[in-house]
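For reference, the structure discussed in these notes is given below.
What follows is calculated from the coordinates using simple rules that are stated; it is not laboratory data. All figures in this text were calculated on a predicted structure; none of them were measured in a lab. Glycine gets a Cβ as well: all are built from the backbone with ideal geometry, and neighbour counts include every protein chain shown.
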């Protein structure tokens, strides 16, 4: 599956309606982004059940700002609507492939339990 262009209007729907979504924050003028793009596309072809989205930080400044993107490319992942990964810098092809496999195996019940425990332990978040 080729990557999808993610914009403000389709962002929430994409995250909510898909089990696993990877996002690549990029810009046309960014050299490392141009090098990472083909790697990202190749891996997207290997995992047809995973949504690979691309967010142009120049055109989607509100989305980039919402996540505090300060360096591009930045790879981000959501599983079952929850942000579970964010890392600036281009990932090598093997590392991106490994990341997708690990995210597919990630037990979201454990993640939700850990989030709940953190919230209970931090009274400032209530």
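Annotations for the structure displayed:
- Sequence-separation-based contact order of the chain, relative, with Cα cut under 8 Å and 6+ spacing, percent: 30 percent
- Exposure proxy order (Cβ contacts within 10 Å, fewest to most) of 82, 43, 55: 82, 43, 55
- Here the extension length gained between residue 116 and residue 84 equals 10.1 nm, from 0.36 nm per residue of separation less the Cα-Cα distance.
- Tilt relative to the chain, helix 108-121 - C-alpha long axis, 0 to 90 degrees, to 10: 60 degrees
- Residue order for 71, 3, 44, fewest other beta carbons within 10 angstrom first, comes to 71, 3, 44.
- With Cα atoms defining each centre, the stretch 1-49 and the stretch 56-126 are spaced 14 Å apart in the structure.
- Beta bridges assigned by DSSP with both partners in the stretch 4-125 are antiparallel in approximately 60 percent of cases.
- Compactness of the stretch 4-71, taken as the C-alpha radius of gyration over 2.2 N^0.38 Å, stands at 1.09.
- Percent of C-alpha pairs per 10 Å bin, the stretch 4-125, short to long: 12, 43, 33, 10, 1
- Helix-only mean residue ellipticity at 222 nm for the chain, each DSSP H run of n ≥ 4 adding -39500 (n - 2.57), per residue, nearest 500: -14000 deg cm²/dmol
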